[in-house]
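The values are calculated or read from the model by the stated rules, or taken from the named source; none is laboratory data. Just so we're clear, the structure is a prediction, and the values are computed from it rather than from any experiment. Methodologically, a virtual Cβ is constructed for each residue, glycine included, from the backbone with ideal geometry; neighbour enumeration extends over all protein chains shown. When the accessible area is computed, the model is the full protein with side chains, heavy atoms only, and any ligands, DNA or RNA have been set aside. Shrake-Rupley method; radii C 1.70, N 1.55, O 1.52, S 1.80 Å.
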Amino acid sequence: MIKHIPYLFLFISFIGVAQQGIVLDELSDAYADASLPLLKALLSIPNDAFYPEDIEENVLWCEREFSSRGFATQRISTSHAPLLLAEREHPKAKKTVLIYLQLDGQPVDSTRWFQENPYQPVIKKKNSNDEWVAVSWDSEEPKEDDWRIFARSASDAKGPVAMFLAALDAAASKDIVPNYNIKAIMDFEEELGSPRLPKAVTRNAELLKADMLIIFDGPRHISNKPTLTFGARGIATITLTTYGPVVPQHSGHFGNYAPNPALRLSKLLASMKDDDGRVVIPGFYDGVEIDKATERILKNVPDNEGEIKKRLQIVSSDKVGSYYQEAIQYPSLNIRGMQSGWIDEKVRTIIPGWARAELDVRLILESNPERLIQLVKKHIASQGYYVTDTVPTAEERLAHHKIATFTSEISYQSFRTDFDSEVGKWLTSALKNAFGENPIRIRMSGGSIPIAPFVTTLGIPAVTVPTVNRDNNQHSPNENLRIGNYREGVKTMIAILMEKL
Ligand SMILES: [Zn+2]
């Protein structure tokens, strides 16, 4: 049963745009700051999805907070952590907006954080030496926009969850009722790659039925201006292992004799790309076409490539695209980690027994993910490798000169929505009303979010509304959220609640 909210009707279109701006600023300032304890409480719940008992605490917290704001909540069970659906219907609403929120976080290595505990949020400001120093949560000093809240998931993506709750409270305080129904779907396994999400969406398609999907996640454009992102690449992963002697051997006794797996792996990986970082496996980039209209969209993004290179401390970029936005329209083939033998203080004079590379492939709509994986696999075979998906047996080792173990997983596909879609125009208008200028509109982000299952199964368009600062260290130690971004995020979400659909 969905509760109807007994709010008075006060549709914002009656107030006028100028007044709307004032209402918005007042509301967002007040409610962003008033909701900081709520954000702190949420960030204080450990949320590594590897620990189900911790995730349960997060689910309970969300159930409580959404219920107290008039939402009917229900768990969608999976074989692991549940998804949580919170619904609220509004009088006279004709449409339903599905909102995707993510609650889990990447694992933490507390020793690398400059605070006691990544789950004990700390507010910090920069001192005159440009160092971050802690400020008490209860300090009387007004919190400046450039101060930051340091905690796991501050930006990715509990910050946006707190922003949304604060925006709901702000709207309720002025009897602002959205003219659409809301279904908030909460994912507690996003950082695991949401492995159970596609099936859950398929099984609950009727329950999740909506007209469009918006995603409160991800960082704004590097300029930190209001941004909308209309798509994201998907992701697949590959684990590739090559072999030498069955166990590591003395490099003096067997150097020049036993083949070295690290060298084999290096040559194999090197054979996949040219010196400009382009994949040379035929067909890898097939299907991508950047026509004039697309090029205009891509070039409209105000990237400063000099700045990007300076930030990354690189002189030149790979040549997959001729500029940053173009580069991320193509699938990527990336080495995300490598291992063989030992290094640093553990180094030893051996020929290792094996070498392993972990790869990721960022996916695009124009390419079938399975086809891309098979292209890489076939390429390995073409380099003279016997390719298997298990650790080779003694018989296999004795039968083949070169052996590679290749396993892969397709997490989810890419998605992309037109700028001119209903959801695109609606959100563009909401952000324009909030900030007085058109948002930066990004065709497709390079990173991945598990949205394709919603888009393809539910048949609805999706747009991401990013709010957090880009330099937030997400997935790394010292993740943080800029307080100014938190405030503008609350403002963004109030504007969306006010915007008529
Ligand atoms: Zn993440």
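Return a yes/no flag: does the stretch 372-387 have any residue that is touching a residue at least 40 places away in the same chain (Cβ under 8 Å) and within 23 Å of the chain's Cα centre (by Cα). Yes: one or more hits.
Selection of first residues in the stretch 460-486 that are more than 17 Å from Val122 (Cβ to Cβ) and hydroxyl-bearing (Ser, Thr, Tyr) and of second residues that are within 16 Å of the ligand (Cβ to nearest atom) and open to solvent by 10 Å² or more (accessible area, probe 1.4 Å), restricted to Cβ pairs under 9 Å at least 6 apart or on distinct chains, gives the following pairs, ordered by first then second residue: Thr464/Asp217; Thr464/Gly218; Thr464/Thr229; Thr464/Ser445; Thr464/Ile449; Thr467/Asp217; Thr467/Gly218; Thr467/Pro219. Filter the stretch 276-290 down to the residues that are open to solvent by less than 70 Å² (accessible area, probe 1.4 Å), in contact with a Leu (Cβ under 9 Å, 6 or more places away or on another chain) and either at positive phi or assigned to a loop (DSSP other than H, G, I, E, B) (or both) and list them by number. The answer is Ile281, Gly283, Phe284, Gly287, Ile290.
The combined condition, being within 16 Å of the ligand (Cβ to nearest atom) and either closer than 24 Å to Ala166 by Cα or at pLDDT below 95 (or both), is not fulfilled by Thr457.
The C-beta contact set for the stretch 329-352 (first residue more than 17 Å from Leu268 (Cβ to Cβ) and open to solvent by 40 Å² or more (accessible area, probe 1.4 Å), second residue at pLDDT 95 or above and small (Gly, Ala, Ser), distance under 7 angstrom, 6+ apart or interchain) comprises Thr349/Ser251; Thr349/Gly252; Ile350/Ser251; Ile350/Gly341. Say whether the condition of being away from the ligand (no atom under 16 Å from the Cβ), closer than 30 Å to Ile451 by Cα and in contact (Cβ under 8 Å) with a residue 40 or more places away in the chain is met by at least one residue in the stretch 57-64. Yes, the stretch 57-64 contains a residue that is away from the ligand (no atom under 16 Å from the Cβ), closer than 30 Å to Ile451 by Cα and in contact (Cβ under 8 Å) with a residue 40 or more places away in the chain. Here Ala93 fits the description: open to solvent by less than 50 Å² (accessible area, probe 1.4 Å), in a loop (DSSP other than H, G, I, E, B), over 30 Å from Val361 (Cα atoms) and in contact (Cβ under 8 Å) with a residue 40 or more places away in the chain. Candidates in the stretch 99-138 are the residues that are among the hydroxyl-bearing types (Ser, Thr, Tyr) and surrounded by 12 or more Cβ atoms within 10 Å (Cβ to Cβ); of these, the one that is nearest to Ala151 (Cα to Cα) is Tyr119.
When the residues of the stretch 227-236 are filtered to those that are open to solvent by less than 20 Å² (accessible area, probe 1.4 Å) and part of a strand (DSSP E or B), the one that is farthest from Thr294 (Cα to Cα) is Ala236.
Condition check ((1) away from the ligand (no atom under 16 Å from the Cβ); (2) more than 19 Å from Val468 (Cα to Cα)) across all residues:
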| site | (1), (2) |
| --- | --- |
| Gln120 | yes, yes |
| Ile123 | yes, no |
| Ser128 | yes, yes |
| Trp137 | yes, yes |
| Asp146 | yes, no |
| Arg152 | no, no |
| Asp156 | no, no |
| Ala162 | yes, no |
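Scoring Arg88 on the criteria (1) open to solvent by 20 Å² or more (accessible area, probe 1.4 Å); (2) touching a strand residue (DSSP E or B) at 6+ places or on another chain (Cβ under 8 Å); (3) not hydrophobic (A, V, I, L, M, F, W, C) leaves a single failure, condition (1). Checked against (1) within 16 Å of the ligand (Cβ to nearest atom); (2) out of contact with any Cys (no Cβ under 8 Å at 6 or more places or on another chain); (3) open to solvent by less than 30 Å² (accessible area, probe 1.4 Å), Met186 passes all but a single condition, namely (2). Within the stretch 407-430, if we keep just the residues that are open to solvent by less than 10 Å² (accessible area, probe 1.4 Å) and among the hydrophobic types (A, V, I, L, M, F, W, C), the residue that is nearest to the chain's Cα centre (by Cα) turns out to be Phe415.
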